[in-house]
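Taking it in order: structure first as structure tokens, then the write-up.
The values are calculated or read from the model by the stated rules, or taken from the named source; none is laboratory data. The structure presented is a predicted model; accordingly, all values stated were derived computationally and were not measured. No Cβ is skipped: glycine too gets one built from the backbone with ideal geometry, and neighbour counts run over all protein chains shown. Side chains included, ligands, DNA and RNA excluded: accessible areas come from the protein's heavy atoms. Shrake-Rupley method; radii C 1.70, N 1.55, O 1.52, S 1.80 Å.
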Amino acid sequence: MPRKTITMPQLGESVVEGTVGKWLKAPGDRVERFEPLVEVITDKVNTEIPSEYSGIVVELLVAEGETVAVGTPLAVIETVDAGAEEAPALPPSHAPAPAAEAFGSAIATEPSRAATAAELARAAVAAGELPRGVYSPLVRRLAQEYGVDLRQIRGTGAGGRVTKADVLAYVARREAEAAEARPSAPEPATAVSPVARLERAGAPAAEPALEPGDQLIVPDAMRSAIARHMSASKQTVPHAWTMTEVDVTQLVALRQAKKDAFQAAEGVSLTYLPFFIKAVVDSLKQFPLLNATWQGERIIVKKRINVGVAVGLEDGLIVPVIHDADRLSIAGLAHALADLTTRARAGRLRLEDVQGGTITVNNTGAFGSVASYPIIHQPQAAIITMEAIRRAPVVVGDAIGIRSVMNVCISFDHRVTDGLYVGRFLQSLKERLESYGPDTPLY
């Protein structure tokens, strides 16, 4: 039967690599076309990749936790013809054993196969050498970087395999023990944190950094992906930042008057965010340079206005996109937000949900922030924050009144435009937000 290769797909604009989070099938398993095969994590999305074919999983080519480029072969599937669609999956004894041994602990395997790998490891250790095919490429690389003899580590993975966490925990213990053994050695005042040192590329630092009681946190794949993208954005884009204060007293009154009826009629909450996004997209039509990207010494001004909305998760952050947001009413934006937010927190976003963003809106006010300096979601040219709405004394004419006010902050790519242009954009946005009132249509 023919064999087909599943490759790392393009998971988003500008995304060039992805991290295998978890394999959902093992060698020997049957997989149906469009059935989830593997979880992949990038800086933009955590998603399940479906199989393009029906058949038997022959080989998994990348270990869990390993990051590979788009187009890299991930798995091999032995396809079946129409007459064999209903054939039972191969029994375990027919499953190709080499695939189970290819990636060490990162891949869940059947007990008998895992035990075989562990036996291979023990036999190799007894012979004084590292067994081939038992340790994953990631584990081997970490061992080389940190100068670790893998034979000294007791694996906690399936079948006793050594995992990435095992290696990093071993490094942490080794450094802590070294620190205790040299109590008189002065700690440098500018010692680099252990987490930072583990993230740093290249050879590990020779001096210990952990002290008794310190906690070592090993970032998961999503945290690592976010860290890489934020670092790349900050290093690539010359950020500039500014802020303005907006009187949203009328917006508060409008929302208060409409929210209960809207909830009853539409089944979703009427928050402040759709009002804010509506004002942003209308202002972008007037100032399109902020809906652009800097590419190869040129500026591409995007026609479509696709607004990415940062959604905080318990263990990370994701930015789903409202496509063609300028075509939606406030009610339409409310529905789009509710849908994307719900699916983001349930881990059910599709690839297209995180692709094509041209600008990002961040609702930092949701957790009480009154000013923030967001990092641009490169290659976009700007990110705008909606800060907390609060009651404050404001000069109104010749008097002082208590009003509802909100700060709006923006970070922008200084290669694309300058402060004057952005200041005018903010003034336009401020006027739109302050113009909301009882007659503002929701539909």
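In loop segments of the range 227-311 as defined by DSSP, the trypsin sites (Lys or Arg not before Pro) with at most 16 further C-beta atoms inside 10 Å of their C-beta are 303, 304. Ranked from largest to smallest solvent-accessible area, with a 1.4 Å probe on the protein heavy atoms, 260, 339 come out as 260, 339. Taken over the range 203-358, the percentage of Cα pairs per 5 Å bin, counting from 0 up to the bin with the maximum distance, is 1, 7, 12, 15, 17, 16, 11, 7, 6, 4, 3, 1, 0. By the rule of a C-alpha distance below 18 Å, with chain neighbours fewer than 8 residues away ignored, the lysines paired with residue 22 are 44, 164. With K and R counted +1 and D and E -1, the other residues having a Cβ less than 15 Å from that of residue 414 yield a net charge of -1.
Please report the spacing between the Cα centers of the range 418-443 and the range 329-396 in Å, no decimals. For the range 418-443 versus the range 329-396, the Cα centre distance is 16 Å.
Which whole-number percentage describes the relative contact order of the range 281-396, with Cα contacts under 8 Å and a sequence gap of 6 or more? So the answer I get is 26 percent.
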